[in-house]
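A.B. asks: Handing you a structure now.
The values are calculated or read from the model by the stated rules, or taken from the named source; none is laboratory data. All figures in this text were calculated on a predicted structure; none of them were measured in a lab. Heads up, the Cβs are rebuilt from the backbone with ideal geometry, glycines too, and the neighbour counts pull from every protein chain shown.
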Amino acid sequence: MGLSLTLAPLRSAAFLGWGDREGLARIIGARDLAVGTGLLLDRRRSRWMSARALLNAVLAATYALALAEKPRQTRARGGPIAMICLTVFDHSLSRRLRGSERGSKPRNASAVSLGWKARLRDKETR
C-alpha cells in the first residue's frame, strides 16, 4: 500500500476514494513504508506498532474528510470503520509487544497463564 501511494499517489488516492489528495497520499505512503521497514528491522517493535496505530487514525480521518466532501462516495464508505478497527487492534498489539519487550506479561493475562499460576501455587503448597 505504501509503495503504490508513494509512486502513484493520484491514481491510488482516486482508487481509495480520497479524491485528488495527491500530496496527502504521497506523505501517507512514505510514512507507511517507514513504519513497515521499522517493523521488519527493529527489534523493539512496540513503538512501530504505535506509529502504525497513529497512521491508521490519520487514515480514518482522511476517509471521513473524503466522505464529508462527497457523501455518496462509495469507495470511501467502509474506510473510516476499517481504519478505526485497525487502529484499536494495532494499539492493543503495541501494548502487548511493549510488555513482552520489558520481559513482563501484558495486563490482560490469558486464562492459560492464570492456570499455570494456580498449578505453580499447588506445587509449592505440597
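A.B. asks: One residue is enough: does segment 19-33 have a residue meeting the conditions under 28 Å from Arg102 (Cα atoms) and of a type in the set (Lys, Arg)?
C.D. replies: Yes, segment 19-33 contains a residue that is under 28 Å from Arg102 (Cα atoms) and of a type in the set (Lys, Arg).
A.B. asks: Those residues that are free of Cβ contacts under 8 Å to residues at least 40 places away in the same chain and in contact with a helix residue (DSSP H, G or I) (Cβ under 8 Å, 6 or more places away or on another chain), I need them from segment 12-23; list them, please.
C.D. replies: Ser12, Ala13, Asp20, Glu22, Gly23
Listed here are the residues, each with its yes/no results for (1) exposed (fewer than 15 other Cβ atoms within 10 Å of the Cβ); (2) at pLDDT 85 or above; (3) in a helix (DSSP H, G or I).
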residue: Ala34; (1), (2), (3): yes, yes, yes
residue: Ala76; (1), (2), (3): no, no, no
residue: Ile84; (1), (2), (3): no, yes, yes
residue: Asp90; (1), (2), (3): no, yes, yes
residue: Leu93; (1), (2), (3): no, yes, yes
residue: Arg107; (1), (2), (3): yes, no, no
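A.B. asks: Within segment 2-23, can you find the residues that are touching a Leu at 6+ places or on another chain (Cβ under 9 Å) and on the phi < 0 side of the Ramachandran plot?
C.D. replies: If the condition is that a residue be touching a Leu at 6+ places or on another chain (Cβ under 9 Å) and on the phi < 0 side of the Ramachandran plot, then Gly2, Leu3, Leu5, Thr6, Pro9, Ser12, Ala13, Leu16, Trp18, Asp20, Arg21, Glu22 are the ones that fit.
A.B. asks: Specify the residue that is surrounded by the most Cβ atoms within 10 Å (Cβ to Cβ); the eligible residues are those in segment 1-22 that are among the small types (Gly, Ala, Ser) and either in contact with a Cys (Cβ under 7 Å, 6 or more places away or on another chain) or more than 15 Å from Leu65 (Cα to Cα) (or both).
C.D. replies: First, the residues of segment 1-22 that are among the small types (Gly, Ala, Ser): 2, 4, 8, 12-14, 17, 19.
Now narrow it down to the ones that are either in contact with a Cys (Cβ under 7 Å, 6 or more places away or on another chain) or more than 15 Å from Leu65 (Cα to Cα) (or both): 2, 4, 8, 12.
Working: Gly2: 18, Ser4: 15, Ala8: 16, Ser12: 22.
Selected residue: Ser12.
A.B. asks: Give me the pairs: first residue in segment 86-101 and under 16 Å from Asp42 (Cβ atoms) and of a type in the set (Gly, Ala, Ser), second residue part of a helix (DSSP H, G or I) and at pLDDT 90 or above, beta-carbon distance under 7 Å, and six or more apart or on different chains, which are they?
C.D. replies: That search, which allows pairs on different chains as well, returns Ser94/Ser46; Ser94/Met49; Ser94/Ser50; Ser94/Ala53.
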